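Data first, discussion second: the structure below is written as structure tokens.
The values are calculated or read from the model by the stated rules, or taken from the named source; none is laboratory data. As the structure is a computational prediction, the values presented were derived from the model and not from experiment. Cβ: placed from backbone, ideal geometry, glycine included. Neighbour counts: every protein chain shown. Please note that ligands, DNA and RNA were not included when accessible areas were found on the heavy atoms of the full protein model with its side chains. Shrake-Rupley method; radii C 1.70, N 1.55, O 1.52, S 1.80 Å.
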Amino acid sequence: MTRNDDVDRARGPELELATTIGKSDEALVIGLIKADSDDAAAEPTLAIGDGILDDAQAEAISNAIRRVGASGGHGEITKMPAPDSLDVGLVVAVGLGSADDLDDAEQIRQAAGIAARELDGIGQVATTLSSVQLGAAAEGHFLGAYRFDTFRSAKTQPKKNPPARITLLVEDKGKAAKAELAHAAAVADSVAIARDFVNTPPSHLYPEEFADRAVRLGSAVGLKVEVLDDKALEKGAYGGILGVGKGSSRLPRLVRLTHTGRKDAKKVALVGKGITFDTGGISIKPAANMDHMTSDMGGAAAVIAATILAARLDLDVSVTATVPMAENMPSGTAQRPGDVLTQYGGTTVEVLNTDAEGRLVLADAMVRACEDDPDYLIDTATLTGAQLVALGSRTPGVMGTDEFRDRVATLSATVGENAWAMPLPTELRNDLKSRVADLANVTNNRNAGMLAAAVFLKEFVASGVQWAHIDIAGPAFNTGGPWGYTPKGGTGVPVRTIAAVLEDIAAQG
Ligand code: BES
Ligand code: ZN
Ligand code: MN
């Protein structure tokens, strides 16, 4: 990898608008609407804007689809040779479900992602899904075509790549369409930045390197950047980050990235957990699946990517990401269960379990973030296995101050990330009492682990700040097979939720 690969490399296909299929398009992706189920004889219909195909072309495709028996059920893929009247060789039909589903952006995004995963080996593809919903089609195609092959030698480098260019067919490629596409492309590229970070192995992404890459990417879009190295962390008394980081030979960092809105813009603080690898420390994790802990910086990746996006979209909101980065290792210099550390700001914490390290690095960062007097604070982290137990692998949990928490959950649903609002039961605070310090970092039982972690974090949120904490332990990293526009590995969740919240705050405060 050259030094600027992370800044310059294309993270997905080029996206272009057109009103008709072009000479260099090799395949056509076309959406199929499922027939009304009351009518047994009905056939699926083509989802396509006016003027994109002529009547004869549309008729020829419809006939071919009828012959192969496609249903138009959501996500169904049918590949067939294109009729002679078309300039492309191949037609890839993708089911969009029933006509009522066409208004649901997520259905289009998922279908576009599924289609994109079927196009390896084709250089340039035209799509009609953009004539149904341009932004959703662009995001879904781009995110479905995402690949991470940086660490494959020629031996296993795939012979067939996803399309390098996607032509988005629309009825009108005027100003509104251009703006919608630019927005979708910026959002999708930021998701890909977060995925790249998560997918980069811990051998290559350790705190110092993570900080360097965040600074390069941030500087390239005009963010103000600041890095506290281990010495600066000592000097500043960031006891949580230092305590977690001291078991590793790769020393911790705290990165700060700022996008500045116009005068009187609202201030949003973002904080993301950046544990580049979590062995558990002295409270070591079992070997099985420990490799998944390469994703323990998914929260950091997301807030860095979202701040870059705020700059690219020039959002009228001031955003500062405060990102603690450390590696949680067991060693002769590691913190011990029973150690007491002093968080940034002075709260003392008894570290009963060194594997509950995320809350320790987040607490320092959140106190620091609140010194900037933000209106809102969003933190996100692969924080608890309990998130997976409570909500499964695709549904982030969101906790915090009631109103803002609900706003985040509602906006998350609009982008298809579906974070779900969860409570902060006051009785859990008692379970975090320590025999010797202000707080213990874990409770003495397994109940409501996701909520208990959030109750711990609440202690570090300044009063008057509207706060949302998003636990993404499952959703940040896909350990199963690819689905929709989500590949294996890093997913980029919750970049689009944070982006939607920042845009909403920019629009209405
Ligand atoms: N990084 C883990 C949480 C995690 C688990 C993320 C599974 C992704 C998948 C976190 O640091 C952790 O170890 N949490 C402990 C907390 C416990 C000791 C209170 C956990 O969930 O077991
Ligand atoms: Zn962790
Ligand atoms: Mn841990």
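Points worth noting:
- Note on Thr156/Ser249: beta-carbon distance plugged into 1/(1 + (r/R0)^6) with R0 of 41 Å gives a FRET efficiency of 0.85.
- Maximal additional length on extending the Thr333-Asp87 stretch stands at 82.0 nm, based on 0.36 nm per residue less the C-alpha distance.
- Pairs spanning more than 19 Å between alpha-carbon atoms, out of Lys285/Lys488; Lys79/Lys173; Lys433/Lys458; Lys23/Lys175: Lys285/Lys488; Lys79/Lys173; Lys23/Lys175.
- 1.4 Å probe accessible area per residue over the chain, in Å²: 40 Å²
- Amide H partners (placed H, <5 Å) of Phe277, local residues excluded: Asn328
- R0 of 45 Å, Cβ-Cβ distance Arg429-Asp373: FRET efficiency to nearest 0.05: 0.95
- This model, with +1 at the C-beta of Lys and Arg and -1 at the C-beta of Asp and Glu, gives segment 2-187 a dipole about its Cα centre of some 1180 debye.
- Sequence of Trp483, Trp420, Trp467 from largest to smallest accessible area, 1.4 Å probe: Trp420, Trp483, Trp467
- Across the chain, the volume of the C-alpha convex hull divided among the residues equals 157 Å³ per residue.
- In summary, segment 168-308 shows an alpha-carbon radius of gyration equal to 1.26 times the 2.2 N^0.38 Å reference for compact globular proteins.
- Rounded to 5, percent antiparallel among DSSP beta bridges of the chain: 40 percent
- Hydrodynamic radius of segment 2-187 by the Kirkwood approach over all distinct alpha-carbon pairs: 16.8 Å.
- Solvent-accessible area, 1.4 Å probe, carbon plus sulfur percent, for the chain: 49 percent
- When the helices of the chain are scored as -39500 (n - 2.57) per DSSP H run of n ≥ 4 and the total is divided over every residue, the value at 222 nm lands at -10000 deg cm²/dmol.
- Spin-label model, Arg66 to Asn353: label points 7 Å out along the Cα-to-beta-carbon direction sit 6.3 nm apart.
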